[in-house]
1. Which one of ASP212, ASP187 is touching a residue at least 24 places away in the same chain (Cβ under 8 Å) and within 13 Å of the ligand (Cβ to nearest atom)?
2. Based on what the data block shows, is ALA312 within 16 Å of the ligand (Cβ to nearest atom), touching a Pro at 6+ places or on another chain (Cβ under 9 Å) and touching a residue at least 24 places away in the same chain (Cβ under 8 Å)?
3. Considering every residue within the range 111-129, establish whether at least one is more than 16 Å from the ligand (Cβ to nearest atom) and either in the same structural domain as ALA304 (by TED's automatic domain parsing) or not in a helix (DSSP H, G or I) (or both).
4. Mind telling me which of the residues LEU178, LEU167 ends up being of a type outside the set (Phe, Trp, Tyr), in contact (Cβ under 8 Å) with a residue 24 or more places away in the chain and more than 14 Å from the ligand (Cβ to nearest atom)?
5. Restricting to the range 290-304, and then to whatever is assigned to a strand (DSSP E or B) and surrounded by 24 or more Cβ atoms within 10 Å (Cβ to Cβ), can you tell me which residue is farthest from the ligand (Cβ to nearest atom)?
6. All but one of (1) buried (at least 23 other Cβ atoms within 10 Å of the Cβ); (2) on the phi < 0 side of the Ramachandran plot hold for ALA158; state the number of the condition that does not hold.
7. Can you tell me which of ALA263, ALA290 is touching a helix residue (DSSP H, G or I) at 6+ places or on another chain (Cβ under 8 Å) and either aliphatic (A, V, I, L, M) or touching a residue at least 60 places away in the same chain (Cβ under 8 Å) (or both)?
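The values are calculated or read from the model by the stated rules, or taken from the named source; none is laboratory data. Being a predicted model, the structure only gives us computed values, none of them experimental. Glycine gets a Cβ as well: all are built from the backbone with ideal geometry, and neighbour counts include every protein chain shown.
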Amino acid sequence: MSITGDDPRADPLDGALDPRRARPHPSRFPPDAPGYDEALRRHRVAIDEGDPGYLDPVSGLFVLTAAHHADRGTCCEQGCRHCPYIWDRPDAALEAIPASEQTLVSDDDHRIAVQVAHTTGVMLVALRTELTGRGVHPFTVRDEGDRLAHHHIIDALALARSGDHVLSEEGYPDPARLLARRVWIVDPLDGTREYGIPGRPDWAVHIALTVDGRPAAGAVALPAMGLVFGTSPAHATPERPDGRPLRIACSRTHPAGAAVYVARKLDGELVPIGSAGAKAMAVVMGDCDAYIHHGGQYEWDSCAPAAVAAAAGMHTSRLDGSPLRYNRPDPWLPDLLICRPELAEPILDLVLNG
Ligand SMILES: [Mg+2]
């Protein structure tokens, strides 16, 4: 085995190597660990040479490669650095985040939001496929989706952030959250009605962290589309096609009067979409220019979408232009504007002054 000198295979992520074999899971060996780059180089060389392991450059201990574990075919549950099976565990990345490392907002909060939204979405897609395939009534599909998603999110956040409070649409609102600075506000399944309709893609998973009542990190998953939007890294502000009429996302079943009014005044068109998350992400992706809502929503409906949209450079506010505030005693938050920044002033002017 050759582990010294300049090797053209030094980049451990090059070539056609399966990422799970090329890179250890960050919960087992974080990229900022001493000797990380050299360890990965030695790992790659060992795989290419067909060796079962390599000597760790810091400790000198012999470390088995991911290829060796994979060829063995089973996980030994010993916490091996290069265990390839850990990548398949939905909450693996959440295992090794000590509470002492938690700050008011950290990079891990953004990552946790994305991962929990993603894993919840994967489970919801599988559940819907199974239940609709068995001919289960849509009402039951909805209920089972709400239940499964809520419990998964609560368990995942308890594992990753045991000191934080959670306000969930499907949970009992613990009043102690009102005294906490960090509160996760989640809608396990936004667009429940659409989730119960086979083939409809406009439903979402909302995961948001608020600090002192302000969205600080978050993610919105559109699982039926295979999409997850986070706050860091954020989605790039989309270009707007020249000459396209203004497109305003609105409720599929109850379009807001303000949306209808603004569309008429600005020669725009209404785009009915189910799920607040799906509507907000339509703006983030550039498919729509604005999302206007009033008439009833709760904090979990808008918190994650607003966090993601703001991170993507969009304007977010109440319809009177005031900031969105969360984790209040009453989670009722009836109106919302998410739009391209250049549209905020004309839309708010129309809404407020006619
Ligand atoms: Mg819901």
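1. The conditions single out ASP187.
2. no
3. No; the residues of the range 111-129 include none that is more than 16 Å from the ligand (Cβ to nearest atom) and either in the same structural domain as ALA304 (by TED's automatic domain parsing) or not in a helix (DSSP H, G or I) (or both).
4. So the residue among LEU178, LEU167 that is of a type outside the set (Phe, Trp, Tyr), in contact (Cβ under 8 Å) with a residue 24 or more places away in the chain and more than 14 Å from the ligand (Cβ to nearest atom) is LEU178.
5. If we take residues in the range 290-304 being assigned to a strand (DSSP E or B) and surrounded by 24 or more Cβ atoms within 10 Å (Cβ to Cβ), then ALA290 is farthest from the ligand (Cβ to nearest atom).
6. Going through the list (1) buried (at least 23 other Cβ atoms within 10 Å of the Cβ); (2) on the phi < 0 side of the Ramachandran plot, ALA158 breaks only (1).
7. ALA290
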